Amino acid sequence: MVVDQGVSTRRFGYEATSMRWGRLAALAAVLFIIISIVRAPAALVVSVLPPTLTIAGVSGTIWSGQTANLSVSLGDQRLALGQTRWQINPLKLLTGGAIKLTTGWGSQRAQATIDLGLDGSLTITDSSLKLDVGWLRRVIPLYVAGVIDADIERMTFSSNAVNDVTGRLVWTDAAWRSNGGDILLGTYAVDMSTSDDGVLGEVITLKGALNVTGSVQIKDSEYELSLDLTGPAVRNEAFQQSIALMATPSGAGYQIALTGTL
């Protein structure tokens with residue numbers, strides 16, 4: 001049998017060309033998918049947010065975006081975090097440090113590195129927070145003022161509860177609100193750690209007219225606060241009247257014991 005070499009050559013060339021076009025089409029499809037993912041609008045983030053978060057004014061992409069306002073639900077109250085920016089590095093999703101988050105609302109500032117666990121947990125590391133302590137009155141009935149600075153080395157959430165935290169909170173320019181005017185108290189710190197009993201915080205006095213010692217414990221969204229108050233401030237009549245409903249006389253000072261749900 002005689003084979004037409006010209007026909008074979010043309011057929012081979014056609015098949016080779018088809019393969020090249022097929023590879024180019026596949027490569028173009030992959031590039032299109034990658035570009036679509038990279039340029040996916042940040043608005044897609046809204047669809048996967050938990051109900052405790054409310055977001056508005058979204059712009060950018062899912063990998064690098066911002067929102068004009070973000071707030072988080074604390075029980076039946078909401079804490080405004082304000083303008084929020086995020087950066088997501090997909091290459092670090094399995095190694096850690098994938099999400100960088102910064103927020104700002106007036107003088108309130110926060111930044112954190114966030115990782116999502118395969119078990120649904122959320123871990124926050126290397127975070128800092130500065131905010132007015134006035135929002136605390138929405139959660140715990142304490143008529144207080146001042147600024148809180150928090151440095152959190154690590155905090156893990158799972159099953160809608162905090163189950164691991166290490167860090168320090170510092171309450172600066174603490175004051176007690178009263179009808180006769182604010183009563184200046186001092187500066188205090190809470191050193192936080194985790195045990196089988198939940199999140200524990202040791203309260204210490206750094207300086208001030210009111211000496212505060214005690215602890216706070218949080219487990220399964222339930223908190224228990226126990227404080228001993230001594231020092232010159234406890235002899236202030238306005239202060240005594242302000243804390244009369246929640247404190248009981250104890251030796252040379254007062255004791256506060258509160259429990260509730262966050």
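Tabulated values for the structure
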quantity	calculated
Long-range neighbours under 9 Å by Cβ, at least six apart or interchain, first residue modelled with pLDDT of 85 or more within region 124-135, second of a type in the set (Ser, Thr, Tyr) and open to solvent by 70 Å² or more (accessible area, probe 1.4 Å)	Lys130/Ser107; Leu131/Ser107; Asp132/Ser107
Test for Leu184: is it open to solvent by 90 Å² or more (accessible area, probe 1.4 Å), more than 24 Å from Leu200 (Cα to Cα) and at pLDDT 85 or above	yes
Region 165-181, residues that are over 19 Å from Trp135 (Cα atoms), modelled with pLDDT under 90 and either in contact with an Asp or Glu (Cβ under 6 Å, 6 or more places away or on another chain) or surrounded by 16 or more Cβ atoms within 10 Å (Cβ to Cβ) (or both)	Val165
Count of region 218-235 residues which are outside any helix (DSSP H, G or I) and open to solvent by 60 Å² or more (accessible area, probe 1.4 Å)	5
Matching residues, region 236-256, being exposed (fewer than 13 other Cβ atoms within 10 Å of the Cβ) and at pLDDT 90 or above	Thr248, Pro249
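The values are calculated or read from the model by the stated rules, or taken from the named source; none is laboratory data. From a predicted model like this one, the values you see are computed outputs, not experimental measurements. Positions of Cβ are backbone-derived with ideal geometry, glycine not excepted, and every protein chain shown enters the neighbour counts. Quick note on the areas: whole protein, heavy atoms, side chains included, nothing else; ligands and nucleic acids left out. Shrake-Rupley method; radii C 1.70, N 1.55, O 1.52, S 1.80 Å.
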